[in-house]
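For reference, the structure discussed in these notes is given below.
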Amino acid sequence: MQSANMLLKKIVRSSVLPVAAQHGMKRDLFPLSRTLSLSLCLKQDNSCKPSEKLDLDAWKKVMKSGLQEEVSETVSEPQELSSLAAARETLEMWRLAGKLVPENVSEEQLKTFMECPSKSAKKKYLKFLYLKELYKKNDKRKMEEKRERKLEPQEQTSKMDETKKSPFLSLWASTMDKAYNWRAAQSMIFGQPLIFDMSYEKEMSVREVANTVKQLVQSEGCNRRAVDPFHIHFCNFKDDSLYHREFLKHYKEAWGKLLITVTEQCYTEVFPKDKLIYLTADSPKVMKTFDHDKIYIVGSMVDKSIKTGVSLARAKRLGLETAALPLDKYLLWNTGGKNLTLDQMMNILLTLKDTADWKKALEFVPKRKYRGFVTKPVSELKKTLDLVNTLKLGKRQEEVQKQFAKNYPKKYKLKQK
């Protein structure tokens with residue numbers, strides 16, 4: 001009898017209860033279970049006596065408990081789904097209200113959000129997710145911008161290749177290149193020499209030598225494109241030096257084809273001393289006009305620490321004449337050193353050679369270094385200053401003049417009576 005009861009219990013739970021949980025058949029199930037229990041009991045155990053009765057109330061309790069277990073398992077999933085949907089609607093409302101809510105929230109994050117004990121904890125968790133998502137977006141945007149920057153040079157090179165393929169442009173470039181080479185070749189025979197002193201390698205670091213060579217390359221390009229170019233001389237140039245290695249990096253195979261003169265000799269051994277003028281910002285003598293019969297020397301040096309007097313001392317040791325550009329005469333100079341780059345010096349000298357106009361030549365000075373050009377000569381400025389001092393100070397004019405002469409000895413010289 002007990003084996004029959006156990007068998008009935010298993011059959012009912014495996015077949016009848018799931019169907020009842022799905023279709024909601026709770027009341028009609030128990031009469032069917034009673035008939036099944038009685039019929040199976042009679043068929044399998046014929047030895048049982050009719051006087052023996054089954055406890056139907058106990059069977060009813062057993063089947064009710066099993067039905068509740070099965071129904072709870074099937075109903076728990078829809079309840080969980082509904083709670084997740086409600087949480088998503090809450091997040092959408094908070095996003096519309098302007099709160100920090102991420103755009104994409106996974107189910108695990110949503111469950112963690114629902115498990116937060118308080119509203120402030122939920123807000124903090126959502127803020128964390130929002131910032132995390134924002135950082136990911138920024139990283140992705142930066143990667144895309146970096147990828148675009150890498151692709152830009154390739155696009156430019158492709159465009160340049162397309163333009164080079166044009167027959168007219170290629171013919172124009174080759175023709176102009178031949179014209180520039182012809183001018184440079186003519187300057188080597190008939191042009192005015194311009195010397196670059198290459199003896200400052202020990203005074204500079206490797207980085208400063210590289211910057212110097214870059215400026216010299218730009219200077220050579222400016223001179224080559226000029227109407228009346230200089231005959232460039234690289235004096236005191238040694239093979240396998242830092243200068244030489246940097247030039248090979250820039251020019252490569254074209255280094256041996258440049259229309260310039262490169263020599264290890266000093267300029268005093270190549271040219272007469274009375275024709276040489278060393279251009280340096282430390283010189284006390286100011287250059288007034290450009291002399292076409294003189295040979296100017298420019299020191300090939302980029303000095304970030306601004307070591308004053310290096311080129312001036314070298315010129316004095318060799319007994320050479322020195323000169324400085326008249327920057328104070330034509331420019332209202334700001335504070336700072338008056339050293340110019342090599343390509344700026346090349347442009348200034350080329351302009352002076354062609355036009356002899358200082359204002360036009362000094363336009364190549366960077367505008368950050370001066371406030372403007374001097375519109376009145378120094379003599380007129382001195383007369384105006386004397387008049388202002390006389391009107392304002394009267395008898396104290398002499399004291400002001402002495403103080404002014406002490407502060408600015410170059411600009412204003414006190415007349416001795």
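Out of Phe196, Phe237, one residue alone is in contact with an Asp or Glu (Cβ under 9 Å, 6 or more places away or on another chain), outside any helix (DSSP H, G or I) and under 18 Å from Met301 (Cα atoms). It is Phe237. Against the condition in a helix (DSSP H, G or I), more than 19 Å from Ala361 (Cβ to Cβ) and modelled with pLDDT of 90 or more, how does His244 come out, does it pass? Yes: the conditions hold for His244.
Could you please let me know if Lys119 is among the basic types (Lys, Arg), open to solvent by 80 Å² or more (accessible area, probe 1.4 Å) and more than 30 Å from Ser82 (Cα to Cα)?
Working: among the basic types (Lys, Arg): yes; open to solvent by 80 Å² or more (accessible area, probe 1.4 Å): yes; more than 30 Å from Ser82 (Cα to Cα): no.
So Lys119 fails the test.
Number of residues in segment 261-312 that are over 43 Å from the mean Cα position of the chain (by Cα), open to solvent by 30 Å² or more (accessible area, probe 1.4 Å) and of a type in the set (A, V, I, L, M, F, W, C): the value is 2. Would you confirm whether or not segment 345-358 contains a residue that is among the aromatic types (Phe, Trp, Tyr), in a helix (DSSP H, G or I) and either open to solvent by less than 70 Å² (accessible area, probe 1.4 Å) or farther than 30 Å from Leu242 by Cα (or both)? Scanning segment 345-358, I find at least one residue that is among the aromatic types (Phe, Trp, Tyr), in a helix (DSSP H, G or I) and either open to solvent by less than 70 Å² (accessible area, probe 1.4 Å) or farther than 30 Å from Leu242 by Cα (or both), so the answer is yes.
Sort through Val227, Val217 and tell me the only one that's hydrophobic (A, V, I, L, M, F, W, C) and exposed (fewer than 15 other Cβ atoms within 10 Å of the Cβ).
Working: Val217 fails: exposed (fewer than 15 other Cβ atoms within 10 Å of the Cβ).
Answer to the check: Val227.
Is one or more of the residues making up segment 242-250 in contact with a Ser or Thr (Cβ under 7 Å, 6 or more places away or on another chain) and either within 17 Å of Val302 (Cα to Cα) or of a type in the set (S, T, N, Q) (or both)? No, every residue in segment 242-250 fails to be in contact with a Ser or Thr (Cβ under 7 Å, 6 or more places away or on another chain) and either within 17 Å of Val302 (Cα to Cα) or of a type in the set (S, T, N, Q) (or both). If I filter segment 210-225 for residues that are out of contact with any strand residue (DSSP E or B) (no Cβ under 6 Å at 6 or more places or on another chain) and assigned to a loop (DSSP other than H, G, I, E, B), do I get at least one hit? Checked against the condition, which is being out of contact with any strand residue (DSSP E or B) (no Cβ under 6 Å at 6 or more places or on another chain) and assigned to a loop (DSSP other than H, G, I, E, B), segment 210-225 yields no hits at all.
The values are calculated or read from the model by the stated rules, or taken from the named source; none is laboratory data. Everything numeric here is computed off the predicted structure, so don't read it as measured data. Quick reminder, even Gly has a Cβ in these numbers, built from the backbone with ideal geometry, and neighbours come from all protein chains shown. Quick note on the areas: whole protein, heavy atoms, side chains included, nothing else; ligands and nucleic acids left out. Shrake-Rupley method; radii C 1.70, N 1.55, O 1.52, S 1.80 Å.
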